[in-house]
Amino acid sequence: MGHTFDFEDSFYPVPPAAVDANPATALRDLLYRVARLEQSLGEQRVQAVADFKEMLLEFISLSDDITNIAERWGVATKAQEAALIGSVIALGRKIVAILRHHHVEPINTIGQPLDPDTSDVAGIEANDGVLSGVVLRELQVGYNWPQGLLRRARVVVSSGPAPAAQGAGEASAGAPQAAGRPNAAASTKSAS
Amino acid sequence: MNELTLTCPYCGGMVPDNTTICPDCHEDLSSLIHLESAHLIRYNEGLALAREGRLEEAKASLIAALAHKESFAPAHVLLAKVYAKQQCWPEARASVERALELAPEDEQARLLAGEIKRAAQEAESTRQDAARTRRASAERVLATSQRDVAKAFAFGVGLTTFIALLISWLGGGKKRRS
């Protein structure tokens, strides 16, 4: 038998720390770190959504202010005023575009039955041509966004025909509609 | 000779082969290096055991090294030597042939393959010689025993004849006296 069968091969250098390492322990540590990071990520995500909501609400408030300014200003009489109000309106449109970019959409309430999930009643008014409980106008526009409701709307709803008109209606149509009256009176009182 | 080139999975930096700590992000990568170089660790174990003459344990370590990385040719070479030391020629030949498949340019593996082939042939001829010698010896023993049996038979026949003659002679004497 020749010397070829002697074990003169060289050892492969491996760092001693790697030889002694225990991969199971390392895996356990890593899983613990992943769990902590996931928890932290979840908390930060919630915080980010809250911060973003706050920022969007500030944008909406700004948009409301611009709308109020434009409404208060009315018709501009001077060219300089017209240019100024035009710029303000353009700024308002830009803010609305930013809100739309972030999927913030106004809630359509006017002419719709009151939705207590999205709207608060700010007032009740009698209206001959509108059924009771239908929204007449908005005092504050409500908004939805991908996470749900961003801001509740504040609306004025109709209480139906005014008592005088209702009385006339009763006179002409008879007694059957009289049952609706106490409810309307109650809702008017609660709104005030 | 070192196969280890590691990119840190945490920061993407290069980790030198003489350390287990990433120089950029200081993460401990010893477990990862342990897993990636498991075949080398087993190979080193096998080599150390083989040098101590603990061939069975060396074989187990080398088989474990190959379980981690079958394409690691040096482990096949070393395993072939262990088999050769144990005179397990078919296994030695299979191991060195696999090493040559993986590393056809490996001069050491080629020399080892030739040496194993020669040693296997020598072992085979020695075995055949021994068998021939045993057969010849057996034949000699058989011939000797046959000769002994023949001699014993002839001796038996002679002895029987002699006794018969003796009895017959003694019987004749008695008759004459009466």
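What follows is calculated from the coordinates using simple rules that are stated; it is not laboratory data. Computed from a predicted structure; not experimentally measured. Ideal geometry is used to build each Cβ from the backbone, glycine not excepted, and the neighbour counts take in all protein chains shown.
Can you work out which of the residues in region B:1-24 that are within 9 Å of chain A (Cβ to nearest Cβ) and surrounded by fewer than 13 Cβ atoms within 10 Å (Cβ to Cβ) is nearest to A:Thr25 (Cα to Cα)? Can you show your working first?
Step one: filter region B:1-24 for residues within 9 Å of chain A (Cβ to nearest Cβ), giving B:1-4, B:17-21.
From what's left, surrounded by fewer than 13 Cβ atoms within 10 Å (Cβ to Cβ): B:1-2, B:18.
Details: B:Met1: 29, B:Asn2: 26, B:Asn18: 22 Å.
Taking the candidates together, the pick is B:Asn18.
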Selection count where residues are farther than 19 Å from B:Ala120 by Cα and either buried (at least 24 other Cβ atoms within 10 Å of the Cβ) or in contact (Cβ under 8 Å) with a residue 24 or more places away in the chain (or both), scope region B:70-93: 5
Single match in B:His34, B:His39 (criterion: touching a helix residue (DSSP H, G or I) at 6+ places or on another chain (Cβ under 6 Å) and over 30 Å from A:Phe5 (Cβ atoms)): B:His34
Of all residues making up region B:70-87, the number that are within 12 Å of chain A (Cβ to nearest Cβ) and part of a loop (DSSP other than H, G, I, E, B): 3
All positions within region B:94-107 that are surrounded by 16 or more Cβ atoms within 10 Å (Cβ to Cβ), within 13 Å of chain A (Cβ to nearest Cβ) and closer than 23 Å to B:Glu122 by Cα: B:Ser95, B:Val96, B:Ala99
Lone unmet requirement of (1) more than 30 Å from B:Arg110 (Cβ to Cβ); (2) without any contact (Cβ under 8 Å) to a residue 40 or more places away in the chain for A:Ser10: (1)
Residue within region A:24-40 that is within 14 Å of chain B (Cβ to nearest Cβ), over 30 Å from B:His76 (Cα atoms) and among the small types (Gly, Ala, Ser) present: yes
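With the structure loaded, tell me whether B:Ala113 is surrounded by 20 or more Cβ atoms within 10 Å (Cβ to Cβ), within 18 Å of the chain's Cα centre (by Cα) and not hydroxyl-bearing (Ser, Thr, Tyr) or whether it fails that test.
Numbers: surrounded by 20 or more Cβ atoms within 10 Å (Cβ to Cβ): yes; within 18 Å of the chain's Cα centre (by Cα): yes; not hydroxyl-bearing (Ser, Thr, Tyr): yes.
Considered against the rule, which asks whether it is surrounded by 20 or more Cβ atoms within 10 Å (Cβ to Cβ), within 18 Å of the chain's Cα centre (by Cα) and not hydroxyl-bearing (Ser, Thr, Tyr), B:Ala113 comes out as yes.
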Flag for B:Arg98 being touching a His at 6+ places or on another chain (Cβ under 8 Å) and either aromatic (Phe, Trp, Tyr) or in a helix (DSSP H, G or I) (or both): yes
Residue match in region B:25-45 (condition: part of a strand (DSSP E or B) and within 12 Å of another protein chain (Cβ to nearest Cβ)): yes
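Give A:Val88, A:Val14, A:Val19, A:Val49 a once-over and let me know the one that is part of a helix (DSSP H, G or I), surrounded by 13 or more Cβ atoms within 10 Å (Cβ to Cβ), within 14 Å of chain B (Cβ to nearest Cβ) and on the phi < 0 side of the Ramachandran plot.
Values: A:Val88 fails: within 14 Å of chain B (Cβ to nearest Cβ); A:Val14 fails: part of a helix (DSSP H, G or I); A:Val49 fails: within 14 Å of chain B (Cβ to nearest Cβ).
Result of the check over A:Val88, A:Val14, A:Val19, A:Val49: A:Val19.
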When residues of region B:46-69 are limited to those that are at the interface with chain A (Cβ under 8 Å from one of its Cβ atoms) and in contact (Cβ under 8 Å) with a residue 24 or more places away in the chain, the one surrounded by the most Cβ atoms within 10 Å (Cβ to Cβ): B:Leu47
